[in-house]
Structure formats: structure tokens, C-alpha cells
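Visitor: The following block contains the structure, expressed as C-alpha cells.
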Amino acid sequence: MSSSSDYGSHTWGLLLTVDHQRENVQKEFLLQVTGDLHIGGLMLKLVEKMNISQDWSDYAFWWEQKKCWLLKTHWTLDKCGVQADAKLFFTPQHKMLRLRLPNMKTVRLKVSFSTMVFRAVSDICKILNIRRSEELSLLKQSGDTLKKKKKKDKNSKEPVTEDILNLCDSPVSSGLPANPGLYSKTMTPIYDPVSGSPASSTITWFSDSPLTEQNCNVLALSYPNCSPEMLAEMYQPRTLADKAKLNAGWLDSSRSLMEQGILEDDQLLLRFKYYTFFDLNPKYDAVRINQLYEQARWAILLEEIDCTEEEMLIFAAIQAYHVSKLSLSSEAQDSTCESEVDEVEAALSNLEVTLEGGSTSNILEDITDIPKLADNLRLVRPRKLSLKAIKSYWFIFRDTSISYFKNKESAQGEPIEKLNLKGCEVVPDVNVAAKKFGIKLLIPVADGMNEVYLRCDNEDQYARWMAACVLASKGRTMADSSYQPEVQKILSFLQMKNMSSQATSDPESVDMKPECFVSLRYTKKYKSKQLTARILEAHQNISQMSLVEAKLRFIQAWQSLPEFGLSYYIVRFKGSKKDDVLGVSYNRLIRIDMATGDPITTWRFSNMKQWNVNWEIRQVAIEFDQNVSIAFTCLSADCKIIHEYIGGYIFLSTRSKDQNETLDEELFHKLTGGQE
């Protein structure tokens, strides 16, 4: 038998491949190593063996078979599990990546391929001047959403040249963190590199950003729309199943890009993943607001979210006249609401008024007096195999419940029925032109959803009751400070709808292509002159807005749509024999019938006790209050995506303005990471 000394103290050969661009220079090296050699020592041996003078600080070992990075340099080969058959690549951690932004512009920059995606997105957002990076993530387009475009490209004889904004000289390029002063609200604005005039604080803040070397308006301002022909080439979902494909490619925030098969110079989409936009401030968020506006605009144009004809015309009016025209005007940079009073000054002003015994604009009423609404409304209950029953009752809205009585005189007695709105779905059912002001309530009950319609007589009544229902669904009463602003927002939106519904037969001669501002459905339905006329009428009500106000109004209108914030997935519930659609929102899960699109059941995150994933069978299980539990498998995407969505929304609900803008990354991964 042989002794251990015959094998050279247990040394063995390990083949290492170096990722460098030098021609005629050896790339593969066979080193004799032992199991107790640590990763840092292996790096040193390899660099000494290569004898190439360069900065190797950004390099690390990538283990091809295991699809993992060996970043813990103090670990030994034995501890890592590395043996002679391992294929290790010595490669840079930061690599080039192409990102397609919500405004359809592509930027090229160096990103860390070794850190978790959550951290990589944070670094990307610092380069792009986007606050609140936790709301965004990276999306890989699925093959289904690219098929239509590829088919068109085959028939195209002209080569397609993509306009790419190159940011490869960013601070992250060398592996350094982006400037920590990015989010400072006390920094002095610098000068615009193009015009030489003082740059707005919303455009650029610090001198070492690559954005100061190029025209940062590409990210902060909007440009004319693409042609209807280009719009027709893009993927447009027609069904809920199609919409589910849009959300299948979200990357895992708890793993690195390399671990998820992303290669150097691949293209990914940077998108707002979580629809809770915290602390939007025009003074500091020009890029963030513009990219949000762009994501909303494309979602509407491509019909990723449904809206009525009136709503489409409002969106078209804001796009056509404010964003497109103001963005091209020389005054665009001056329209960033710089005249707004600083938050600190406003707080001091309110404090001064309070100390002097005066009253501020936010007067707090007696907190023991909960407001109530009382009105004659019409109740509509859908009935199977018959017409809807419509009847007038006396309604009283108190706290988070609606009670209704036969008439006003009988309101002192017992109500016919009391509806608890906490946790319900509130959907507007409005047609301003037809004077229809309805509120659709989907109230959770043991066996599904109780569907109730309320009909109001006029806009004012609708705004008051609608605002009360929206707050009650979130567990808040009309005593909440957000009630009056909600009423005003609804009234403002109704006014815009009213203007859009008044078409004129003799439109002005305007140099515009209305087909660029509405979805293809309406370009097929109306002639160009008809669209122009209706967009002009809708525009009259918003003609005095600034650029940022117009974008914020567009975002608010987007948020008012019934489908806003819903991400769809095809799932199979435990015990069910058919597939359903699961809608994930910021505060609830909705089970939707895939054939009809009707909601079946809603579960609120506020009632959730716990959730977990059985990684062996890829099943998500959730427990709610009152012994309600559900379990499902995801068919259109990995179940990890839904698990991360739920944990991500719960994480975002913990944010407050009192906190600084540093995130508890450990808590995020605890809520979203899972244990595979």
C-alpha cells in the first residue's frame, strides 16, 4: 500500500481560467493546491503565476458548475467544496449591462454581477438619480413578449440602430459605491453641462455623476411618442393570461445577476415593480417622476391596463399638449416647481402659526366626532337569471360601515342591512357623459364576494361617498386627514372626464398626430380629426399646468384606474380542478376567474398571519385570520416571484418619513428571500 507522503502532501491540480482581453496571452493555468488553501491565497498564487501587471481588485472566482461566486476569501477550498473537477473562472465582478428604462431609452453601464440584485438595483438608481430604489427591480423579457417584435424585424430590410446612452464611466464601473451625497436635500445645484446655466436641483446634483457629462434630459424629460406603426409592432396583451406573461421574468432580488444566467452586455428592463410610490417630491425626483410617468404611459398605450374611452382621452390630452410640447420648449427646465416651499420651512411656518394661537390649513376637528354621511342613494344588486333590482334607500355611512333604511324617518331603528367595508374592493362605475355615477363594492364573505352597486345623483355626492368607501376599505374613517384631499382628487378627475366627453365638430388646426397618444383600439374606432377634437376638449381643463404637475396628474389618474397596481399570475389553487388568475397588489391578493375576469375572493395582507413556501413542490401556503388558509402553485412563473412580491409589499409598508433613506436590507431579504 502507498503512504500519504507519496502524493505530495495531498496536493492536486486545479484548472483556473482567467477572463481577460489580452491577445496572445495564456488564459488557462493549472495550479497545484491543497484543500486547506484559502480562496485569497489561491488568487495570490494565480496572479503571481500570470505575472501580468494590472489591477486585479475587482476580480473574483466564479464556479461554473455550481453557479456561484467564491467571495469569502478566508474560506478554504475544502470548506467551499472545491475539488479537482471544479471549473473556476477568475473574472471581473462588475460587467457591462444594457438597461431599457421605462421611457424606452437604453442605457449601458457597469453593474455588479456578484452582489444581490437588490443591492445592484440600488447602485443603478444612484447613478440614474432615482430615489427609493426599493420600488424598482430588473425584469427579463420572456420569449412570448418578444415574438411579435422579432417577426417584424425579419421582414425589415433596414438595419435597426438603437440609441444607447453610455454611462460606462460611472462610479460603479470601478467597483466603488456611488456618491453617498446623491440623496442629500441640502446640496447646492451645479451648472448644466450643455447650456451653462444653473441646473435645476431635480436634474443633477453632483459633479462626479456620468449624467453631468451628457444630456441628463434624456432621463428627466419626455420626448415625442413613437408612430402608430411602431406601436403596432410592440407586444400588447389581450387577455389576463397575456398580462401574466409580463410579470414572469422578474429577477430574484436575493441572488446575483450571474447566478440567474445573466451574461455581460445582456439587456434587461428596469421597471417599477412595487406600486407604492413613497414621498414623490418634484424638487428632488425629476427623473423618478418622469420614469414613473413613462411606465404609466406605455402601460396605457399598450393596453396593459384597461381604461374607459373618457380616461384614454384624458391621458392623451396630458401627453399631447403638456408633456410633448413643454418638454420640447426652452422653458421646460424652469417648470420643476422650484417655487414650492421647502418642507422644513413649511413645518416651521405651521409651528409658528400654532404657537401664536392661529389656525393652519390642516385644522383638526374634535377627534371624538367621527363624521358621517347620510343621503338617498339607489341600491343595485345583480341577480342571476333576471334583471338587476334597483331601489332607493336612505343610506348612512359611519366609521367604516354603510347601513341603509327604507326611508329617512326609519333611520332611528334597525337597518335593513349593514355593510362592513373594511377589506372590500371599491371600483368606480362612472360615465360622465351619461350622468352615471356608480360605486361597485365587492365585499368579502365566507363563500366569495358579495357584489353591491351604489348609484349617486351627482358628482359631489359621488366624490364624498367614493372617498369614504376608499378609506373604509383600508380601515380608515372620514376623520382621517386624507379624506378631503381624496374628495378633491375625485372631483378633479371627474371634471377632466367631463371636459373630455364634450367633443367639438370643428377642431382647431393643430399640428399633431392624435394616433400617437391613444391605444390602437381607438385609432381604429375614430378618424384622426375626431380624435384631435376630443383631445383638444379634454386639454382645456389642464392647459394651465406646469410640466411636473401634468406628469403628476397623469400618475394620479393612472392610480385611479380599477386595475392599477395589479400584477397577474396564473395559479392552480389546492383542491381546484381549473386554473385561476391571482392578482397581487400592494395590500391584497385577488383570486380572479380566468374566463370571465371577475374577482372571486380577496384576501388582505392586514389579515395575514403567516405565509411560507414548500420548495419541493413549489407551493405557496398562506394563513389568514378566522382560520382561513389557502395554498396554490404558480404556473406562469416561479413561485419565488409571488413569495417575493408579498414580502416586498410588507417590507415597503414599514417605511415612514421619519426614517432616513437608508434601507434595512437585512429585513427585506428576511421577508423575501425564502429558504430553498
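The values are calculated or read from the model by the stated rules, or taken from the named source; none is laboratory data. The shown structure was predicted, so the numbers you read here are calculated from the model rather than taken from an experiment. So basically every Cβ, Gly included, is an ideal-geometry build from the backbone, and we count neighbours across all protein chains shown. For the accessible areas, the whole protein counts, side chains as well, though only heavy atoms, and no ligand, DNA or RNA atoms are used. Shrake-Rupley method; radii C 1.70, N 1.55, O 1.52, S 1.80 Å.
Visitor: So which residues in the stretch 604-618 are under 12 Å from Lys640 (Cβ atoms) and not in a strand (DSSP E or B)?
Guide: Trp615, Arg618
Visitor: Identify the single condition in (1) modelled with pLDDT under 95; (2) open to solvent by less than 50 Å² (accessible area, probe 1.4 Å); (3) within 30 Å of Gly143 (Cβ to Cβ) that Leu582 does not satisfy, given that it satisfies every other one.
Guide: If we test Leu582 against (1) modelled with pLDDT under 95; (2) open to solvent by less than 50 Å² (accessible area, probe 1.4 Å); (3) within 30 Å of Gly143 (Cβ to Cβ), just (1) comes out false.
Visitor: Residue check, Leu42 against (1) surrounded by fewer than 20 Cβ atoms within 10 Å (Cβ to Cβ); (2) more than 25 Å from Arg108 (Cα to Cα); (3) modelled with pLDDT of 95 or more, all met but one. Which one?
Guide: (1)
Visitor: Given the stretch 86-135, what strands (runs of 3 or more DSSP E) lie entirely inside it while holding 2 or more residues that are farther than 13 Å from Asp265 by Cα and of a type in the set (Phe, Trp, Tyr)?
Guide: Where strands (runs of 3 or more DSSP E) fall fully within the stretch 86-135 and carry at least 2 residues being farther than 13 Å from Asp265 by Cα and of a type in the set (Phe, Trp, Tyr), they are 88-92.
Visitor: Okay, moving on. Would you please list the contacts, defined by Cβ atoms under 8 Å and residues six or more apart or on different chains, that run from a residue in the stretch 1-25 that is open to solvent by 50 Å² or more (accessible area, probe 1.4 Å) to a residue that is modelled with pLDDT under 80 and polar (S, T, N, Q)?
Guide: Once the first residue is open to solvent by 50 Å² or more (accessible area, probe 1.4 Å) and sits in the stretch 1-25, its partners that are modelled with pLDDT under 80 and polar (S, T, N, Q) give His10/Ser4.
Visitor: Can you tell me which residue is farthest from Gly249 (Cα to Cα) among those in the stretch 625-653 that are hydroxyl-bearing (Ser, Thr, Tyr) and open to solvent by 20 Å² or more (accessible area, probe 1.4 Å)?
Guide: This residue is Ser629.
Visitor: Here is a further query. Every residue in the stretch 270-298 that is open to solvent by 10 Å² or more (accessible area, probe 1.4 Å) and within 12 Å of the chain's Cα centre (by Cα), please.
Guide: Scanning the stretch 270-298 gives Arg271, Tyr275, Thr276, Phe277, Phe278, Gln295.
Visitor: How many of the residues making up the stretch 552-564 are buried (at least 19 other Cβ atoms within 10 Å of the Cβ) and part of a loop (DSSP other than H, G, I, E, B)?
Guide: Residues meeting the conditions: 1.
Visitor: Also: Applying the selection to the stretch 443-479, what residues are in a strand (DSSP E or B) and open to solvent by less than 10 Å² (accessible area, probe 1.4 Å)?
Guide: Gly448, Val452, Leu454, Cys456
Visitor: For the stretch 196-253, give me the residue count where each residue is in a strand (DSSP E or B), under 24 Å from the mean Cα position of the chain (by Cα) and at pLDDT below 75.
Guide: Step one: list which residues in the stretch 196-253 are in a strand (DSSP E or B), which gives 198, 250.
Filter again for under 24 Å from the mean Cα position of the chain (by Cα), leaving 250.
Imposing the further condition that a residue be at pLDDT below 75 reduces the set to none.
Matching residues across the stretch 196-253 total 0.
Visitor: Turning to a different aspect of this structure: Suppose we filter the stretch 74-120 for residues that are among the aromatic types (Phe, Trp, Tyr) and under 30 Å from His10 (Cβ atoms); how many remain? Show your work before the answer.
Guide: Going residue by residue through the stretch 74-120, those that are among the aromatic types (Phe, Trp, Tyr) are 75, 89-90, 113, 118.
After this cut, where a residue has to be under 30 Å from His10 (Cβ atoms) as well, the list is 75, 89-90.
Residues in the stretch 74-120 being among the aromatic types (Phe, Trp, Tyr) and under 30 Å from His10 (Cβ atoms): 3 in total.
Residue-by-condition table, conditions (1) open to solvent by less than 40 Å² (accessible area, probe 1.4 Å); (2) within 20 Å of the chain's Cα centre (by Cα); (3) over 23 Å from Ile439 (Cβ atoms):
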{"residue": "Ser567", "(1), (2), (3)": "yes, yes, yes"}
{"residue": "Ile570", "(1), (2), (3)": "yes, yes, yes"}
{"residue": "Ile590", "(1), (2), (3)": "yes, yes, no"}
{"residue": "Pro599", "(1), (2), (3)": "no, no, no"}
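Visitor: Tell me which of these Leu14 doesn't satisfy, since it passes every other one: (1) on the phi > 0 side of the Ramachandran plot; (2) of a type outside the set (Lys, Arg); (3) modelled with pLDDT of 90 or more.
Guide: Status for Leu14: all satisfied but (1).
Visitor: Among the listed residues Arg588, Arg553, which satisfies the condition of being within 15 Å of Glu425 (Cα to Cα) and at pLDDT below 95?
Guide: Matching residue, one of Arg588, Arg553: Arg588.
Visitor: On to the next question. Cβ-Cβ distance below 8 Å, separation of 6 or more or different chains: which pairs start in the stretch 400-426 with a residue that is at positive phi and touching a residue at least 24 places away in the same chain (Cβ under 8 Å) and end on one that is buried (at least 19 other Cβ atoms within 10 Å of the Cβ) and assigned to a strand (DSSP E or B)?
Guide: Qualifying pairs under 8 Å: Gly423/Pro444; Gly423/Arg588; Gly423/Thr602; Gly423/Arg604.
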